[in-house]
Amino acid sequence: MDASIVPRRGETETHLRLKRLALIWAQANGYSLCAAEVSLPQSRYRADVAAYQPQSGQAGVTAIFECKQALADLRRDNCCSEATHERLRSVSRRREVLEKHLRIHYPTLRTGDSLFPEYDSHDFSAIGHHSYSRVLREFTALQNRLNGGRKFECVVRYHCANLFFLVLPDELFCDWEIPLGWGVLVEEKNGSLALARKPAWHDNGAETRLRFLQRIASAGTRQFNRALGITRKEIVSAAKLAGVALPGRD
């Protein structure tokens, strides 16, 4: 019996379709062991699709597929920390200069929240200064990107897999938007995926690949359990009857 891909809460039909196409493409290209929504070893991230290609007499090849249906979705995870840090430093300096001048020209912005005047904070938002508001918005956005928008960079840096692919609708593919070293699979009009850019090879150890394979197996088991209506409670009860101590959950 085949287990269908169970959509995540809030997942769109487009994202689910891209994930399904990635699973088909991976298996058609020799990645015979695949699963969706796989927690990655050595990181806090989860791959839309993870795949393993067995190799005779040696560790197999591992691949990660990330599906993106919109440009904003793509850019959210594609933060280059070095460039973003540099931009953040520049914006921070600009913010400090503006605040220095605003303190001089608008002394009434003091909030009086300290016993010592030199430590009083200032409510710069009270005057609606256009340039300051724009700088503050960019400063906040850059901080948010550094805190949560580095998925593409981190999974490569942590050597989570050997190959990394983005799966995109054809109209979304722009070469300059693609992170360095990632391959691209684009959805064609006939409903299949085509390789638009080859990925770079990222080496890692056999132990890392084995853990990757274990994560695929674990995710696949969870997906079958959901599809077949098997609950954790049933598994625990069966284990008790068999006198088996279950390991901790992955």
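Points to keep in mind about this one:
- Taken over the stretch 12-21, the criterion of being in contact with a Cys (Cβ under 6 Å, 6 or more places away or on another chain) and not charged (D, E, K, R) is satisfied by HIS15, LEU18.
- Taking the stretch 1-70 as the region of interest, the strands (runs of 3 or more DSSP E) fully inside it that hold 2 or more residues being at pLDDT below 90 are 58-67.
- Some residue of the stretch 141-163 being modelled with pLDDT of 90 or more and exposed (fewer than 15 other Cβ atoms within 10 Å of the Cβ): no
- Filter result for ILE216 (more than 28 Å from PHE164 (Cα to Cα) and modelled with pLDDT of 90 or more): no
- Within the stretch 92-105, residues that are hydrophobic (A, V, I, L, M, F, W, C) reach partners that are not in a helix (DSSP H, G or I) with beta carbons closer than 8 Å, at six or more positions or on different chains, in the pairs LEU98/HIS129; LEU102/HIS122; LEU102/HIS129.
- Odd one out for SER131 among (1) hydroxyl-bearing (Ser, Thr, Tyr); (2) at pLDDT 85 or above; (3) surrounded by 14 or more Cβ atoms within 10 Å (Cβ to Cβ): (3)
The values are calculated or read from the model by the stated rules, or taken from the named source; none is laboratory data. Keep in mind that what you see is a predicted model, and the values were worked out from it rather than measured. Heads up, the Cβs are rebuilt from the backbone with ideal geometry, glycines too, and the neighbour counts pull from every protein chain shown.
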